[in-house]
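The block underneath contains the structure these notes are about, expressed in structure tokens.
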Amino acid sequence: MSEKQKILLVVGVALVDADRRVLIAKRPENKSMGGFWEFPGGKIEEGETPEKAIIRELEEELGIFTKTACLAPLAFASHSYEDFHLLMPLYVCRKWQGQVRAIEHQELKWVKPRDLYNFKLLPADISLISHLCDLL
């Protein structure tokens, strides 16, 4: 690990359904950290707010639409990987339009927060589980 790590700013979202379950997505095997589960989201593009990035990512990855007013910040993860340091705010979203579908991921699952520990989540995402357990 170099002394100066690149900081990667991404955003994640915990979609919460009527049964108080959270959506997780399995990364494709051919991508970096393939096979790991994660909260939907992605990189924040230049000039984009975290909320706008979530709205864009949800449309691209899951085919659903939401509004800024439906996003509530919950917590953030700060985690050092081998090649970069990840900083990720996590938002909660309970309202969206459309049917959730796996466009960019191998698989999607709706999971009770306490059961998230049973999945091979990305290391940065693991630190966020307790916040979801407290909320839901």
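The values are calculated or read from the model by the stated rules, or taken from the named source; none is laboratory data. Note that the structure is a prediction, hence the values are computed from the model and not measured. Here Cβ is always computed from backbone atoms with ideal geometry, including for glycine, and neighbour counts include all displayed protein chains.
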Could you tell me which residue of region 116-127 is surrounded by the fewest Cβ atoms within 10 Å (Cβ to Cβ), considering only residues that are out of contact with any Phe, Trp or Tyr (no Cβ under 7 Å at 6 or more places or on another chain) and touching a residue at least 40 places away in the same chain (Cβ under 8 Å)?
123
Taking region 1-26, which residues are at pLDDT 95 or above and assigned to a loop (DSSP other than H, G, I, E, B)?
17, 18, 19, 20, 21
Within region 18-35, considering residues that are farther than 16 Å from residue 102 by Cα and touching a residue at least 24 places away in the same chain (Cβ under 8 Å), the one surrounded by the most Cβ atoms within 10 Å (Cβ to Cβ):
21
Within region 69-105, count every residue that is aliphatic (A, V, I, L, M), buried (at least 17 other Cβ atoms within 10 Å of the Cβ) and within 22 Å of residue 123 (Cβ to Cβ).
7
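Taking region 77-92 as the search range and keeping residues that are of a type in the set (A, V, I, L, M, F, W, C) and under 11 Å from the mean Cα position of the chain (by Cα), which one is nearest to residue 18 (Cα to Cα)?
So the first thing to find is which residues in region 77-92 are of a type in the set (A, V, I, L, M, F, W, C), and the list is 77, 84, 86-88, 90, 92.
With under 11 Å from the mean Cα position of the chain (by Cα) added as a condition, the list becomes 77, 88, 90, 92.
Working: 77: 25, 88: 25, 90: 19, 92: 13 Å.
Looking at residues that are of a type in the set (A, V, I, L, M, F, W, C) and under 11 Å from the mean Cα position of the chain (by Cα), I get 92.
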